[in-house]
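One structure below.
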Amino acid sequence: MSRIAYVNGRYVRHAEAAVHIEDRGYQFADGVYEVCEIWRGKVVDERRHLDRLERSLRELSIAMPMSRAALAQVMREVIHRNRVQSGIVYLQVTRGVARRDHVFPPAGTRPALVITSRAVRPEVGDKAAEAGVGVITVPENRWDRVDIKSVGLLPNVLVKQKAKEAGAKEAWFVDADGFVTEGGSTNAWIITTDNTLVTRPAEHGILAGITRRVVLDMIEREGLSFDERPFTVEEAKNAKEAFITAATTLVMPVVKVDDAVIGNGHPGSFASELRSKFHEVSELEPV
């Protein structure tokens, strides 16, 4: 079965899908995106992802490409046409197609919309979570508005490649004061020796992750000790546990930061339990 993509009003074969060479996403990275997990035939936290999509668009003065209800319907059609039960659905909105010029295109230029979906085998992520993953640390070098889920991801691409070459899963950006901001595609967490969960506030310097928000809901539900504050690399290396969160990884235990082994070198009980209970707390919408 060939994959199907939605591109600016048309459902087309994925292998033949194309956008205009003067799409501003291609020319300027002038666009935003979202990724939702599909779990057992349900879209996970759709409302929150679409809320964040609308916020990112507002911050860049890009119009919604269609009504929210229509967008949700197209998402589901793409998921159905690709017969995805477990996987992801990806949405990308750019400022549209116009003659290359740094200033915004003329009023009335329609935003461009691409939606794709693909299956992911859950057992692959589960196997990684059973062993835990490693992260490396890198200097923070991104633009100041990382709270916008922009398609301008070149710094993230470079550090993710660096992590891969080092045999790690993720790279944590570290600010000028020595505090971890977030990963190349994930939010960063630690658990201190007194069993307090710690993650950086999503006020500045990080993306307000949707999976991060669900974990905060779980923390409240379970009555766990929590401290929303920055943490240093050294603190992370001496933590009882560490983990990363994202729609594509859920709660993924971290067992190594740079050359430092975290805890006993195996996934800890807190991270493992949060992962196992994740879909009990997240919002699930039928496809």
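Rounded, prolate or oblate: which one fits the chain, using the alpha carbon gyration tensor with axes a ≥ b ≥ c (rounded when a/c is under 1.5, else prolate when a/b beats b/c, else oblate)?
prolate
Just tell me the longest site-free run in the chain, where the sites are trypsin sites (Lys or Arg not before Pro) in a DSSP loop having at most 16 other beta-carbon atoms within 10 Å.
Counting only loop sites that pass the neighbour cut-off, the longest clear stretch is 146-287.
Can you give me the C-alpha center-to-center distance between region 1-20 and region 107-121, rounded to a whole angstrom?
Spelled out, the Cα-based centre of one part sits 10 Å from the other.
Relative contact order for region 151-287: what percent, with Cα pairs under 8 Å and sequence separation of 6 or more?
Relative contact order of region 151-287: 20 percent.
For the chain, calculate the relative contact order in percent as a whole number, restricting contacts to Cα pairs under 8 Å that are 6 or more residues apart.
Result for the chain is 19 percent.
Using alpha carbons only, how many degrees (0 to 90, rounded to 10) separate the axis of helix 46-59 from the longest principal axis of the chain?
The helix 46-59 is inclined about 70 degrees to the chain.
For a test of the definition: using alpha carbon positions, the gyration tensor, and the 1.5 limit on a/c, classify region 1-146 as rounded, prolate or oblate.
Judged from the Cα gyration tensor, region 1-146 comes out oblate (a/c at least 1.5, b/c at or above a/b).
Tell me the mean residue ellipticity at 222 nm calculated for the chain from its helices only (DSSP H runs of n ≥ 4, each -39500 (n - 2.57), averaged over every residue, nearest 500).
That calculation yields -9000 deg cm²/dmol at 222 nm.
Values in this text are rule-based calculations from the coordinates and carry no lab data. Please read these numbers as outputs of a predicted model, since none were measured by experiment. With ideal geometry, Cβ positions are generated from the backbone for all residues, glycine too; neighbour counts draw on all protein chains shown.
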